[in-house]
Amino acid sequence: MSIEGPIRGVGLYCLALVLFVGMGTLAKTLAAIYPVEQVIWARYFFHVLLIVLMFPRRIGSLFKTRRLGLQITRSVVVFAATAFGFTSLSIMPMAEVSAIGYVAPLMVTIMSFLILKERVGPRRLLAVGIGFVGVIAILRPDQANFSLWSLLPLAMASCYATFMVMTRLIRGAAPPINSLFYTAIVGAVVATIPMPFIWQNPEPLHWLMFAGMGVIGGTGHFLMIKAFEQTEASMIAPFVYTELLWSIAAGAIFFSEIPGIGMLVGAAVIMASGLFILYREQRAAAEAKAAALASSGAD
């Protein structure tokens, strides 16, 4: 394999993460002015509009999928993750929300064991437990300013973990762009329901910010799809943690949010746990592949 493809894939993935932080920055800014439900609506409405403009002749084919019910359910789960995430951003520092979100892969490990009946060794289970110690270090539930609202990023991570597991279940049911379209269209439909009751007319500049948020988010998802088409997931996965750097920078520049020691230590623990689990999964996959080759050779 040429090295150019993997490098390009990693670059596209990292660019997608920068765009997601940009989307979160706009969402946090707008949520201080408008109802968070309206911000969520704009994120999905303009995402759908972007797809329609990009693929005007393929709209009919984008609805094709072999597992419609699971596809819709998966899209609702993603919508819930967005709702929890945007609500978290409206009340918590960006870096904290981003760092706690990294427990999603740890939750996937547990779900893979409980739901998919995959074999998970004691070392990976221990890493999951250590990762949640990092969450406690960030949230610090013993502090007076702690509230149940601080658990919203955990709800977001739970939804993203469920989304990842469901993605495994529907693998091959439809092209990635079709799944992306379902995510956008289902989210837009659900987000539109409360609009007549909470709508506030945006100013012209805010309309541009609303549109920019949807376009940036949609573009980020598209770049992520292209990244995984060019590079193996195992090579891309560790770079997800670069998002935290951009979240810290955005929070400091736009909202004067300076992360404390507890947040940085907790984030480091979560990331270390995630990287260890990734390493163990890659090693287990390599051993299984070697065993399969040995078995076929013996035959």
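The values are calculated or read from the model by the stated rules, or taken from the named source; none is laboratory data. These numbers were taken from a predicted model, which means no experiment stands behind them. Glycine also receives a Cβ, built like all others from the backbone with ideal geometry; neighbour counts cover every protein chain displayed. Ligands, DNA and RNA are excluded from the accessible area calculation, which covers all protein heavy atoms including side chains. Shrake-Rupley method; radii C 1.70, N 1.55, O 1.52, S 1.80 Å.
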**Request:** Determine which single condition Phe197 fails, assuming it passes every other condition in (1) of a type in the set (A, V, I, L, M, F, W, C); (2) open to solvent by 50 Å² or more (accessible area, probe 1.4 Å); (3) under 22 Å from Leu70 (Cα atoms).
**Result:** (3)
**Item:** Flag if Gly266 is at pLDDT 90 or above and in contact with a Leu (Cβ under 9 Å, 6 or more places away or on another chain)
**Value:** yes
**Asked** Looking at this structure, is Ile115 open to solvent by 70 Å² or more (accessible area, probe 1.4 Å) and over 25 Å from Ala191 (Cβ atoms)?
**Response** yes
**Message:** Among the residues of the range 141-186, what is the count of those that are open to solvent by 20 Å² or more (accessible area, probe 1.4 Å), within 22 Å of Trp41 (Cβ to Cβ) and among the small types (Gly, Ala, Ser)?
**Reply:** 1
**Asked** Just wondering, is there one or more residues in the range 65-85 that are among the small types (Gly, Ala, Ser) and farther than 23 Å from Leu152 by Cβ?
**Response** yes
**Message:** Within the range 269-284, does at least one residue satisfy the condition of being assigned to a loop (DSSP other than H, G, I, E, B), loosely packed, with under 15 Cβ neighbours inside 10 Å and free of Cβ contacts under 8 Å to residues at least 40 places away in the same chain?
**Reply:** no
**Prompt:** When residues of the range 250-261 are filtered for being open to solvent by 30 Å² or more (accessible area, probe 1.4 Å), of a type outside the set (D, E, K, R) and in contact (Cβ under 8 Å) with a residue 24 or more places away in the chain, how many remain?
**Reply:** 3
**Request:** Take the range 33-83 and flag every residue that is more than 29 Å from Ser98 (Cβ to Cβ), open to solvent by 20 Å² or more (accessible area, probe 1.4 Å) and either of a type outside the set (D, E, K, R) or touching a Phe, Trp or Tyr at 6+ places or on another chain (Cβ under 6 Å) (or both).
**Result:** Val52, Leu53, Phe55, Pro56, Ile59, Gly60, Ser61, Phe63, Thr65, Leu68, Gly69
**Which numbered condition Leu30 misses (of (1) out of contact with any Gly (no Cβ under 8 Å at 6 or more places or on another chain); (2) assigned to a helix (DSSP H, G or I); (3) surrounded by fewer than 22 Cβ atoms within 10 Å (Cβ to Cβ); (4) among the aliphatic types (A, V, I, L, M))** = (3)
